[in-house]
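Written below as structure tokens is the structure these notes are about.
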Amino acid sequence: MLGSLAMSRVSVVIPVFNGAATVGRAIESVLAQRFDGEVEVIVVNDGSTDASAEIVRGFGDRISVIDQANRGAAAARNAGAAVAHGEYLAFLDADDAWLPHKLAATIPLLDRNPAVVLVFCDAIPVDAGGASMGECYVTPDCAHAPTMAEMLE
């Protein structure tokens, strides 16, 4: 079930600034998750001057929307996180999309390992039509839990 709930399993924050060409796809990818838990979708319109606000509002009550003056992606993420109700917090950029099983693959890992505070995954570059453009970003030598030094590099 999707929407804004008092206690969701996952709150997904999507910051958008002038992302009319891609934000709808990002939102749809969250709404299409094959995940049994409750998902809250929070889109933060960070002062867009294109059609982003209209596209976001077209999703109606399936998502929550925060409108703010442009303060940058980090401030938009923080604004969304501040109102999130989920047990877990996930961030998705407006020009990205999730595969349908992303939450079903990652949330059980967090559930089984309470000491884990962060989960990351690979990304597949695609063109505007959704066709793969090459290799994944995480190379085999990086496919492990990173150290703090590695994350800061």
For the structure I just gave you, tell me whether Leu5 is in contact with a strand residue (DSSP E or B) (Cβ under 6 Å, 6 or more places away or on another chain) and at pLDDT below 95.
yes
Output the number of residues of the stretch 83-93 satisfying the condition of being in contact with an Asp or Glu (Cβ under 8 Å, 6 or more places away or on another chain) and within 24 Å of Val126 (Cα to Cα).
0
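Listed here are the residues, each with its yes/no results for (1) assigned to a helix (DSSP H, G or I); (2) closer than 21 Å to Pro125 by Cβ; (3) touching a residue at least 24 places away in the same chain (Cβ under 8 Å).
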| site | (1), (2), (3) |
| --- | --- |
| Gly24 | yes, yes, yes |
| Phe35 | no, no, yes |
| Ser48 | no, no, yes |
| Asn70 | no, no, yes |
| Ala74 | yes, no, no |
| Arg77 | yes, no, yes |
| Ala81 | yes, no, yes |
| Asp95 | no, yes, yes |
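Going by what's in this entry, would Arg62 be described as open to solvent by 60 Å² or more (accessible area, probe 1.4 Å), closer than 22 Å to Gly129 by Cβ and touching a residue at least 60 places away in the same chain (Cβ under 8 Å)? If you could, list the steps in order and put the result at the bottom.
Working: open to solvent by 60 Å² or more (accessible area, probe 1.4 Å): yes; closer than 22 Å to Gly129 by Cβ: no; touching a residue at least 60 places away in the same chain (Cβ under 8 Å): yes.
It is false that Arg62 is open to solvent by 60 Å² or more (accessible area, probe 1.4 Å), closer than 22 Å to Gly129 by Cβ and touching a residue at least 60 places away in the same chain (Cβ under 8 Å).
Residues being within 19 Å of Ala143 (Cα to Cα) and either among the hydrophobic types (A, V, I, L, M, F, W, C) or surrounded by 13 or more Cβ atoms within 10 Å (Cβ to Cβ) (or both): count how many of those fall in the stretch 109-131. Write out each step before concluding.
Looking only at the stretch 109-131, we keep the residues that are within 19 Å of Ala143 (Cα to Cα), and these are 109-110, 113, 116-125.
Filter again for either among the hydrophobic types (A, V, I, L, M, F, W, C) or surrounded by 13 or more Cβ atoms within 10 Å (Cβ to Cβ) (or both), leaving 109-110, 116-121, 123-124.
Residues that pass the stated criteria total 10.
The values are calculated or read from the model by the stated rules, or taken from the named source; none is laboratory data. Keep in mind that this is a model prediction, so the values were computed, not measured. As a convention, Cβ positions derive from the backbone with ideal geometry for all residues, glycine included, and neighbour counts pool all protein chains shown. Accessible surface is based on the protein model in full, side chains and every heavy atom, while ligands, DNA and RNA are left aside. Shrake-Rupley method; radii C 1.70, N 1.55, O 1.52, S 1.80 Å.
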